[in-house]
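Below is one structure, written out as C-alpha cells; comments come after it.
Each reported figure results from applying straightforward, stated rules to the coordinates on display, with no laboratory input. Bear in mind that the values here come from a model prediction, so they are computed numbers and not experimental data. A quick note on method: Cβ atoms are made from the backbone with ideal geometry, for glycine too, and the neighbour counts reach across all protein chains shown.
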C-alpha cells in the first residue's frame with residue numbers, strides 16, 4: 001500500500017483568483033504536491049496571534065508542514081492575486097459582521 005502524504009487541507013469555501021480558470025485542476029495539483037513556483041496560497045496562519053499567511057505553493061512540500069499541513073483558504077497565480085483574495089475575505093467578513101477578524105470569520109464557516 002502506498003503511503004500518500006497530505007500536503008494541505010482545503011477550506012470548505014476556498015477562494016480562487018480570477019487568473020485561475022480550472023479550479024479543480026489547480027486544487028488537485030496542490031493536493032498532490034505538484035505545485036509550481038507560480039502559484040500562491042492563502043492559508044490560516046500557524047501563529048494564533050496572526051490571521052492569514054500568503055506563500056508560494058511550493059513551500060507546502062517543506063518539512064515544516066509535514067506534521068501539520070496548513071488549511072488553504074485561497075489559491076492564486078500571482079502575489080497580487082493572493083492579496084486580492086485576502087481583500088475578498090475581508091469584505092465577506094465585514095458583511096458577516098466580523099470586520100478585521102478574518103480568521104474568526106473563516107473558522108465560523110468551516
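Counting other beta carbons within 10 Å of each Cβ, put 18, 53 in order, fewest first. Write out the running numbers ahead of the final one.
Details: 18 10, 53 16.
Going from sparsest to densest Cβ surroundings: 18, 53.
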Could you list 8, 73 in order of exposure, starting from the residue whose Cβ has the fewest other Cβ atoms within 10 Å?
8, 73
Using only the alpha-carbon atoms, what does segment 9-108 span along each of its principal axes? Please give whole angstrom values in decreasing order.
37, 31, 21
Nearest 10 degrees is fine. How inclined is helix 23-32 to the longest principal axis of the chain, computing both from alpha carbons?
50 degrees
